[in-house]
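Undergrad: Starting off with a structure, shown below.
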Amino acid sequence: MASIETRARRDSEVETPLEFYGMPGHLIRRMHQASQAIFDRAMAEAGFDITSVQFAALSTISARPGLDQATLAAAIAFDRPTTGGVIDRLEAKGLVRRKVSAGDRRARELYAEPKGEAVLSAVRPIVRKVQKRMLQGLNAQEQATLLRLLSKALDEVGESSRAASPPAPVRR
């Protein structure tokens, strides 16, 4: 039979079943779920069939016409195969087009179609409202602090994600 000290030590080493509720990974996952639901609901209510990843891809393609899929994947922090599927769906909707690169026949350059530019113009105000909705429980200073801290934390662990996310230069 274990001594009281042994049992107490063993019990203190075991996580309580609900301890994970306060863990950053759990909170970040839940916030991601909430942000996806808020985004998806807002787009559906406005009559748009576009996901947050498709929005990120289309925004980047619009800002950097002619970029290749590998560069896009890095810019939106997604792996190449997943990004290829995103482009397939955007292309099927008539929002982007692929063009064989003159410099590298294996590469595909990406361009936003006029319909894609129109969708971007229409959804940007909705996306901005969605971002505010996600942080509505925080005052302006808390929102700024949260975003700064998330960026700081991501700077340290971002390399461990599926794809790093360098800032995408914006066309002028």
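Taken together, the values in this text are just the output of simple stated rules run on the coordinates, not laboratory data. Since we're looking at a predicted model, the values are computed, not measured. Quick reminder, even Gly has a Cβ in these numbers, built from the backbone with ideal geometry, and neighbours come from all protein chains shown.
Undergrad: Just the number, please: Stokes-Einstein D of the stretch 23-160 in µm²/s, Kirkwood Rh from C-alpha pairs, 20 °C, 1.002 mPa s.
TA: For these conditions, the coefficient is 130 µm²/s.
Undergrad: Please order Tyr111, Tyr21 by the number of other Cβ within 10 Å, starting at the fewest.
TA: Ranked by crowding around the Cβ, least crowded first: Tyr21, Tyr111.
Undergrad: Explain nothing, just the number: relative contact order of the stretch 24-88, from Cα pairs under 8 Å at least 6 residues apart, as a whole percent.
TA: Relative contact order for the stretch 24-88 comes out at 23 percent.
Undergrad: Can you tell me, using C-alpha contacts under 8 Å and at least 6 residues apart, the relative contact order of the stretch 23-160 as a whole percent?
TA: 23
Undergrad: For the residues Lys152, Lys93, what sequence is obtained by ranking on other C-beta atoms within 10 Å, fewest first?
TA: Lys152, Lys93
Undergrad: Sort Thr145, Thr60 so the one with the fewest other Cβ atoms within 10 Å of its own Cβ comes first.
TA: Going from sparsest to densest Cβ surroundings: Thr145, Thr60.
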